[in-house]
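Coordinate-derived values only; no laboratory data. What you see is a predicted model; the values in this text were computed from it and never measured. Please note: Cβ atoms are built from the backbone with ideal geometry, for glycine as well, and neighbour counts cover all protein chains shown.
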Amino acid sequence: MKVSATPETMLLPEQDSGTARDAIGLGVAAGEGLNARHGTILTLEDINVSFDGFKALTNLTLYIGVGELRCIIGPNGAGKTTMMDVITGKTRPDNGVAYFGETYDLTEMSEYEIAQAGIGRKFQKPTVFEALSVFENLELAQKTGKSVWASLRAKLSGEQKDRIDEVLATIRLDGSRHRPAGLLSHGQKQFLEIGMLLVQDPHLLLLDEPVAGMTDAETEFTAELFRSLAGKHSLMVVEHDMGFVGSIADHVTVLHQGQVLAEGSLEDVQRDERVIEVYLGR
Amino acid sequence: MNQPLTLTAAQKAGPALTSLALGVVLAILVAMPLLHLLPADNTFHVSAYTLTLVGKILCYAIVALALDLVWGYAGLLSLGHGLFFALGGYAMGMYLSRQAAGDGLPAFMSFLAWTELPWYWYGTSSFLWALCLVVLAPGLLAFVFGFFAFRSRIKGVYFSIMTQALTFAGMLLFFRNETGFGGNNGFTGFTRILGFEITAPATRAALFLATVALLAGSLLLGWRLARSKFGRVLTAVRDAENRLMFCGYDPRGYKLFIWTLSAVLCGLAGALYVPQVGIINPSEMAPTQSIEAAVWVALGGRGTLIGPLLGAGIVNGMKSWFTVAFPEYWLFFLGALFIVVTLFLPRGVVGLLKNKGEA
């Protein structure tokens, strides 16, 4: 049954932050087809992942609210990428609960099913389809039928073209639409990949170091873009650039050795003794 | 400063030139079988030898095109396409053997003192059923193999090795007399096809024209696929399969579709090869045959549709000249050709032609 999120049942940021589910739902409907009536779009509880005895994630518990923009920080090897792998179905947790909305059990779904359900992911290293043009990259990523049969018969509708044009304008690649994506600069590829997430129209965006290799102006523009996306979408951003984190995040989670070390606003987190010890103070 | 202008000019001239060249080649290919029908003393007469040779090369060109669809577009290097080709050929060979044997058993079965046909020979005296087998045998094998291979996410060199092992296993199986396909001699001594004498000029001409039609059809199909969104998804499978999965595509279905289609095209090519050449035996399944097909594609230029056709034509044309002129040096020459292409022509002959056009 599809139950859309209703404001009454949602957690309110001012009243409910820090309660049982420490996620800040902004009272925005998660959108069609996704049941997020408790205001939580992503639920991770007691996730454990180990590779050959090395514990990458230990009892990780984390909630992301609908419409929230969450930043994840932490030193190298803290388990940030592994956590994204668990959410997107690339890595199966040894145990623990991973839910998208109220109904999608992420531990049971394959990568493409999770993507179709509405989780988009940007890789750490920009990954685009290099042989295809910028426009074609967006065409493939666009939310539409993705079966073999659908692709054999696919023809872009005017509406879909408009949507791609709109995103091209948003990511400022309008002038390069017919260039092969392999010829773009590093920063442009980052934007193209972000654009590919946008046309996918996901409920939750996972962004792994989105501003790596960007110029200051590009970073600033990205911050602005993400702030405008929050509310309509939920975002989880893994980033090392503290300036960038400070400019976008309302809520920061610090990971350390596969566990949540601290959570709160950037100022709170930066004052936390343990955080200073393991990460910021270095 | 002039370069962008010449560039666009070359690009505009490109498609026109290509279609002109294609048209000329097609006209020649259609004219050849008609000229074969002329009396032997006519100056324009095309000999049966030439017609058979070109017909054989055209069948190989279809294999090259089919291999390019999976390797050039989807990035799956198959070193076992000879198996699908041979299976199509054997299916046609079964029908031709039955035609040659009339009401009796095919000759090799009489040698083995068999008294009745094995069950899988049932219905092979019907041309229509033989055509079904031509499609079904390679198609089903490719589907089942692909289903398990892609489900287990086998790719890259492991996939290539498995396809190579598959064709080798097929060859060993067909070498056995007990398998019921004529052992190492295979099938030969065909006499009639659909009631027509197989060596008659008109039959040869018809078979040749059918091959040209299949090649043109495959090319058109490949062109349509490559220009569709399906073709772009295949390129994406080749270049960034992970990214594609996170875009919500299940690559397995795409790979399985193109893989099976490619195998069926090879089977059809094999079915046209056998009546023209007059023999099918397990050596068609030898690993080297499949590797040679990969050389055709690489030489011509993978990921283009015309490239593999050029590659198959150039290598096989040279082969038939070399093996007559300098028989002992052919393999050295083939090896050298492959090294030269790998080192200097990463995009194959087509890449070379494109660069010339743009310079």
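At a glance:
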{"quantity": "Antiparallel bridges, percent of DSSP beta bridges restricted to the protein assembly as shown (to nearest 5)", "calculated": "60 percent"}
{"quantity": "Cβ neighbours within 10 Å from other chains - mean over B:225-234", "calculated": "5"}
{"quantity": "Cα gyration tensor shape for the range B:303-345, rounded if a/c is under 1.5, else prolate or oblate", "calculated": "oblate"}
{"quantity": "0 to 90° range, to nearest 10: angle between helix B:3-36 axis and chain B longest Cα axis", "calculated": "20 degrees"}
{"quantity": "Acute angle (nearest 10 degrees) that the helix A:216-229 long axis makes with the longest principal axis of chain A, alpha-carbon atoms", "calculated": "80 degrees"}
{"quantity": "Where only alpha carbons of the range B:204-359 are counted, the Rg and the Dmax (Å)", "calculated": "17.8, 56"}
{"quantity": "Per-residue Cβ neighbour rank within 10 angstrom, fewest leading, B:Met92, B:Met109", "calculated": "B:Met109, B:Met92"}
{"quantity": "Cα gyration tensor, the range B:176-268 - rounded (a/c under 1.5), prolate or oblate", "calculated": "oblate"}
{"quantity": "Cut-off 9 Å between beta-carbons: net charge of the residues surrounding A:Met84, Lys and Arg +1, Asp and Glu -1", "calculated": "+1"}
{"quantity": "Dipole moment magnitude, nearest 20 debye, the protein assembly as shown about Cα centre, only Lys, Arg, Asp, Glu C-beta charged", "calculated": "2540 debye"}
{"quantity": "Tail beyond 27 Å, pair distance distribution of the range B:1-160 (Cα, percent)", "calculated": "55 percent"}
{"quantity": "Restraint check, A:Lys80/A:Lys161; A:Lys189/A:Lys232; A:Lys143/B:Lys155; A:Lys55/B:Lys155; A:Lys155/A:Lys189, Cα-Cα greater than 31 Å", "calculated": "A:Lys80/A:Lys161"}
{"quantity": "Gain on full stretching of the segment that runs from A:Lys55 to A:Glu267 - 0.36 nm per residue minus C-alpha separation", "calculated": "73.4 nm"}
{"quantity": "Average Cα contact separation per residue, chain B, under 8 Å, 6 or more apart, as relative contact order %", "calculated": "31 percent"}
{"quantity": "Net charge over other residues, Cβ less than 13 angstrom from the Cβ of B:Thr211 (K, R count +1; D, E count -1)", "calculated": "+2"}
{"quantity": "Surrounding net charge for B:Val54, when Lys and Arg each add one and Asp and Glu each subtract one, Cβ distance under 14 Å", "calculated": "+3"}
{"quantity": "Peptide A:109-121, shielding by other chains (average Cβ, 10 Å cutoff)", "calculated": "4"}
{"quantity": "Rounded, prolate or oblate (a/c below 1.5 giving rounded, otherwise prolate when a/b exceeds b/c) for the range A:223-282 by Cα gyration tensor", "calculated": "prolate"}
{"quantity": "Shielding by partners - mean other protein chain Cβ count within 10 Å, residues of B:251-260", "calculated": "2"}
{"quantity": "Principal-axis tilt of helix A:158-170 within chain A, Cα atoms, nearest 10 degrees", "calculated": "60 degrees"}
{"quantity": "Alpha carbon centroid spacing (whole Å) that separates the range A:161-181 from the range A:209-240", "calculated": "18 Å"}
{"quantity": "Most fluctuating residue given options B:Phe333, B:Phe168, B:Phe85, as computed from a GNM of chain B linking Cα atoms under 10 Å", "calculated": "B:Phe333"}
{"quantity": "At 1.002 mPa s and 20 °C, Stokes D of chain A from Kirkwood alpha-carbon radius, µm² per second", "calculated": "110 µm²/s"}
{"quantity": "For the range B:92-189, the spread of Cα positions along each principal axis, largest first, Å", "calculated": "48, 27, 21"}
{"quantity": "Volume per residue of the C-alpha convex hull in the range B:42-286, rounded to whole Å³", "calculated": "128 Å³"}
{"quantity": "Order of A:His178, B:His45 under a 10 Å beta carbon neighbour criterion, fewest first", "calculated": "A:His178, B:His45"}
{"quantity": "Alpha-carbon centroid distance for the pair the range A:101-139 / the range A:241-282, whole angstrom", "calculated": "27 Å"}
{"quantity": "Directionally averaged shadow of the protein assembly as shown, computed from the convex hull of its alpha-carbon atoms, nm²", "calculated": "36.6 nm²"}
{"quantity": "Protection proxy ranking, peptides B:252-265, B:62-75, average beta carbon neighbours within 10 Å, highest first", "calculated": "B:62-75, B:252-265"}
